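One structure is given here, and the rest of the page talks about it.
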Amino acid sequence: MPAPWNISAIALTVVFACGGMASKGYADAVCGEIIKSGVASGKTEAEAKSAATTWWSSRAGALGEGYQEWKNAKNKALACHAGPFDTFKCRASAEPCRTDDGKPADLKSGKHL
């Protein structure tokens, strides 16, 4: 029978090999906490949505390479309303995700551990 520390070492190796806690269960992705853009304006609703997702992308990109992609985010939301002077206002929010390459990531620096 193996010593108890051997079983613990095996279990720890399995956790790290599987990505540990870095992945939040989103298939093949590593995701961060929800990020919100500021309130973006546009002459049309489409223009305001585009500006809001661009703003969101710039904030999400601070987590590291790959997190800035709106298309890879989960729990996406765009809240829009009519603004003054025939404009639209929108705010984007989502959890930024990057494709998981099998290595745990430091979400603040974007570096692999």
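The values are calculated or read from the model by the stated rules, or taken from the named source; none is laboratory data. All values reported here derive from a predicted model rather than from experimental measurement. Using ideal geometry, Cβ is built from the backbone for each residue, glycine included, and neighbour counts are taken over all protein chains shown.
For region 49-72, the tally of residues that are farther than 17 Å from Arg91 by Cα, hydrophobic (A, V, I, L, M, F, W, C) and buried (at least 19 other Cβ atoms within 10 Å of the Cβ) stands at 1.
Being at negative phi and not in a strand (DSSP E or B) is the filter; apply it to region 73-97 and report the residue that is surrounded by the fewest Cβ atoms within 10 Å (Cβ to Cβ). Step by step, filter region 73-97, then rank; the result is Pro84. Scanning region 16-49 for residues that are modelled with pLDDT of 95 or more, of a type in the set (Ser, Thr, Tyr) and either in a loop (DSSP other than H, G, I, E, B) or within 18 Å of the chain's Cα centre (by Cα) (or both) returns Ser37, Thr44. One residue is enough: does region 3-15 have a residue meeting the conditions in a loop (DSSP other than H, G, I, E, B) and at pLDDT 65 or above? Within region 3-15, none of the residues are in a loop (DSSP other than H, G, I, E, B) and at pLDDT 65 or above. Among the residues making up region 81-107, those that are modelled with pLDDT under 55 and within 15 Å of the chain's Cα centre (by Cα) are Pro104, Ala105, Asp106.
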